[in-house]
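Heads up: the structure comes next, in structure tokens.
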Amino acid sequence: MVYGVFSGCYSDWYIVGYFNNHQDAEKYCCLCGNGDYYVKPLKDLTDKKDLSKVSLKYCHEVTFDRGDYTNKWNWIMREEPERYTCYIDDYLHRNSVRQGIYAMNDWLCFTINIDRDNRKLAEKIAQDYLAELRSYVDGEITDDSIQLMNYKLAAPCKELERIKKEEEEIKQKELAELERLKAKYETK
């Protein structure tokens, strides 16, 4: 059991930290919290579920801002904290790119799905995609070039969907044949 030190209430709460000892947590609240900190016990979930076969996938967002309007090649990657979400699936989700304008600054945001927690790898993939996107129309990024890039990025997922559909059709045919054979031999 660990003892979390919290502050705030309703939707405006946050975790300050935790202690392994309940009394130390209470002492900390009295010493540092000015009456705003409180202690809640937290369960240790280690070994409560078998997680050994769970394979996480990571979805990173990597954003580039237009650095200079006089130079169509000048895109600067934002230095952001590790912005990602995790999901569980047999396959990686589709990568994509979107463009926007915020306060008169163009930006491009690449959604990169990888099978390990590696921000640098996601950034490298996004940089490669940006270089390819700029090569489509001599550096100038347009709605058409973004649409073309998204179409290309969707191709592996579409192929996987096609293969899954084919496999399902074969499975259904085999099950139908098994049913036919079962009915044939059970009537004898």
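The values are calculated or read from the model by the stated rules, or taken from the named source; none is laboratory data. All of these numbers come straight from a predicted model, not from anything done at the bench. Cβ atoms come from the backbone with ideal geometry, glycine included; neighbour counts cover every protein chain shown. Areas reflect the complete protein model, heavy atoms only, side chains present, ligands, DNA and RNA absent. Shrake-Rupley method; radii C 1.70, N 1.55, O 1.52, S 1.80 Å.
What the table shows:
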quantity	calculated
Residue check, ASP24 open to solvent by 70 Å² or more (accessible area, probe 1.4 Å) and over 23 Å from ASP115 (Cα atoms)	no
Pairs, first within 20 Å of LYS124 (Cβ to Cβ) and acidic (Asp, Glu) in segment 89-109, second in a strand (DSSP E or B) and modelled with pLDDT of 85 or more, C-beta under 6 Å, six or more apart	none
Only listed residue being assigned to a helix (DSSP H, G or I) and of a type in the set (Val, Ile, Thr), chosen from ILE125, ILE141	ILE125
HIS93, sole failed condition from (1) assigned to a loop (DSSP other than H, G, I, E, B); (2) open to solvent by less than 80 Å² (accessible area, probe 1.4 Å)	(2)
Residue count, segment 126-150 (criterion: under 26 Å from the mean Cα position of the chain (by Cα), loosely packed, with under 14 Cβ neighbours inside 10 Å and in contact (Cβ under 8 Å) with a residue 40 or more places away in the chain)	1
Residue, modelled with the highest pLDDT, within segment 92-113, restricted to residues that are aromatic (Phe, Trp, Tyr) and closer than 15 Å to ALA131 by Cα	PHE110
